[in-house]
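A.B. asks: Mind looking over this structure? Questions follow.
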Amino acid sequence: MSKKKLKPIKSLDEIPENMTEEEAAEYFGSHSLADIWDQLEPVEEEFPIAPLAPTKRISLRLREDLVERPRNYSEAKGIPMRTIVWLWLKEKLDEEEERKAKAKRP
């Protein structure tokens, strides 16, 4: 699997302020703090950890193209294939539930 190259941050001033969580995830997912790590200050803050939902392992037989397409996409994005497949499956199921809910409305 190929890893995407992170852009090095050379100064604390390069880090945008007031980012949303999504913007911060995108920014720090594409930038490296390695060059300025010693300039960072520790933060004393507790973050609640949500309990993980129970999972269940399944086995599927899929056509080769249905395996290769998410594998190629995940390699290009540097994200594990199981994460991509899980996200796509969840998105499609959420869309379908919303479509059914709208159809029931008068």
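The values are calculated or read from the model by the stated rules, or taken from the named source; none is laboratory data. Keep in mind that what you see is a predicted model, and the values were worked out from it rather than measured. Neighbour counts are summed over all protein chains in view; Cβ atoms, including those assigned to glycine, are modelled from backbone coordinates with ideal geometry.
A.B. asks: Condition test on Ser11, is it surrounded by 12 or more Cβ atoms within 10 Å (Cβ to Cβ), polar (S, T, N, Q) and without any contact (Cβ under 8 Å) to a residue 60 or more places away in the chain?
C.D. replies: No, not satisfied.
A.B. asks: Still on this structure, please answer the following. Condition test on Ile79, is it β-branched (Val, Ile, Thr) and either in a helix (DSSP H, G or I) or over 22 Å from Lys4 (Cβ atoms) (or both)?
C.D. replies: No, not satisfied.
A.B. asks: Okay, moving on. So which of Ile49, Ile58 is exposed (fewer than 10 other Cβ atoms within 10 Å of the Cβ), at pLDDT 90 or above and over 28 Å from Lys7 (Cα atoms)?
C.D. replies: Being exposed (fewer than 10 other Cβ atoms within 10 Å of the Cβ), at pLDDT 90 or above and over 28 Å from Lys7 (Cα atoms) holds for just one of Ile49, Ile58, which is Ile58.
A.B. asks: Still on this structure, please answer the following. Can you find, within the stretch 1-53, the residue that is farthest from Arg82 (Cα to Cα) among those that are among the aliphatic types (A, V, I, L, M) and touching a Gly at 6+ places or on another chain (Cβ under 9 Å)?
C.D. replies: Ranking the qualifying residues of the stretch 1-53, first place goes to Leu6.
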